[in-house]
Amino acid sequence: MDLTLWQYQFRIIMLGDSTVGKSSLLKRYTEDTFLESINQTVGVDFHVHFLEVEPGVRVKLQFWDTAGQERFRSVTRSYYRNSVGGLLVFNLTNRASFEHIKDWHAEVCEWVQPHRVLFVLVGHKSDRDAPGERDVSKEEAEKLAGQLGVPYVEASAKTGHKVTEAFELLTRRVYQGLMSREVELREGWDGVKCSGPRALQLQRASLTRSAVTPKPSKKCCG
Ligand code: GTP
Ligand code: MG
């Protein structure tokens, strides 16, 4: 089997404050490694990974790993619009990074209109769970996830705990959104690409439908 063959390509963006561990999460997922000293991201980095979402259906995941630092914001913003999925990441031991999640979510939702990004919220560095280290409780994080209408996962790039789960949850959420037409393909939007007869059929049906019935723009996303 040709491992580069795929039926769908999803563009996924990594979001959250600097040092919450976005690059480390991706490194654990795509290379199964962890570095104590990892370079801060400058602008945006790219990674590719393949996942079989059901027998015979391979998805090419194209990741955009953005820099959390404010000075890169004008660069990273330009990647929001062509993303179909986003991992919203905060550090469980850093309260400010949790409080900024609402801002990240709101900013992306505003920039991608009339498109929609599907999110998963990740409470990261779950290995640092000793008394006095954790600064955000699971209950608070679940409450925020409920308000934003997104699933919540606690993970650690250091130990590998729930890392694959977080990425697969997001991929499956996008795939289901695509199958149920919650995610619509539109001309000039690159969040999802299709390849192969079955996928191209879906693409044609979706593009015809959106050309006939333009949807009113959604205020927010989930
Ligand atoms: P920017 O690129 O500046 O936006 O930062 P980032 O969100 O990509 O964070 P990065 O992955 O560079 O990690 C920042 C620091 O956190 C590094 O020192 C990592 O080694 C550390 N780190 C990352 N993941 C974990 C984790 O799961 N547990 C612990 N304890 N430390 C982690
Ligand atoms: Mg980074």
Task: Hits among aspartates and glutamates - C-alpha to C-alpha of Lys125 under 13 Å, sequence gap 8 or more where chains match - done: Glu36, Glu133, Asp135, Glu154
Open item on the list: Using the basic label-point model (7 angstrom from Cα toward the beta carbon), what is the Val57 to Glu70 distance in nanometres?
Closed with: 4.3 nm
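Please sort 137-147, 57-67 by packing, taking for each peptide the average over its residues of neighbouring beta carbons within 10 angstrom, highest first.
Details: 137-147: 14.1, 57-67: 21.0.
Sorting 137-147, 57-67 by mean packing, highest first, produces 57-67, 137-147.
Show me 161-173, 88-100 ranked by packing, highest mean number of other Cβ atoms within 10 Å first.
Working: 161-173: 18.9, 88-100: 20.8.
In descending order of packing, they fall as 88-100, 161-173.
Run through the range 29-85 and list the GluC sites (Glu not before Pro) located in a DSSP loop whose Cβ has at most 10 other Cβ atoms within 10 Å. Could the numbers behind the result be given before it?
Details: sites: Glu31, Glu36, Glu52, Glu70; in loops: Glu36.
Sites meeting the loop and neighbour criteria: Glu36.
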TODO: Kindly rank 109-121, 73-85, 37-49, 15-27 from highest to lowest mean number of other beta carbons found within 10 Å of each residue.
DONE: 15-27, 109-121, 73-85, 37-49
Task: Heavy-atom accessible area per residue - the range 8-212, 1.4 Å, Å² - done: 45 Å²
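Helix-only estimate, please: 222 nm mean residue ellipticity of the chain, summing -39500 (n - 2.57) across DSSP H runs of length 4 or more and dividing by its residues, to the nearest 500. The partial results should precede the final answer.
Details: 7 runs with 76 residues, N = 222.
Computed ellipticity for the chain at 222 nm equals -10500 deg cm²/dmol.
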- [ ] Report, largest value first, the span of the C-alpha coordinates of the range 8-212 along each principal axis, in whole Å.
- [x] 56, 34, 33
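Using only alpha carbon pairs under 8 Å that are at least six residues apart, calculate the relative contact order of the range 90-192 and give it in whole percent. Before the final figure, lay out the partial values.
Numbers: 101 pairs, mean separation 27.9, N = 103.
Result for the range 90-192 is 27 percent.
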TODO: With a 1.4 Å probe and every protein chain kept in, tell me what percent of the accessible surface of the chain is carbon plus sulfur.
DONE: 50 percent
TODO: With everything on Cα atoms, drop me the angle between helix 101-112 and the longest principal axis of the chain, reported from 0 to 90° to the nearest 10.
DONE: 20 degrees
Task: Simple label model, 7 Å out from Cα along Cβ direction - Ser18 to His161, nm - done: 2.8 nm
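Grab the Cα-Cα distance for Glu107 and Gln176, subtract it from 0.36 nm times how many residues apart they are, and report the gain in nm with one decimal.
Working: separation 69, 0.36 × 69 = 24.84 nm, distance 2.45 nm.
Result: 22.4 nm gained on full extension.
The values are calculated or read from the model by the stated rules, or taken from the named source; none is laboratory data. Given the structure is predicted, the values throughout are model-derived calculations rather than measurements. Here the Cβ is made from the backbone with ideal geometry for all residues, glycine too, and neighbour counts use every protein chain on show. Accessible surface areas use protein heavy atoms only, side chains included; no ligands, DNA or RNA. Shrake-Rupley method; radii C 1.70, N 1.55, O 1.52, S 1.80 Å.
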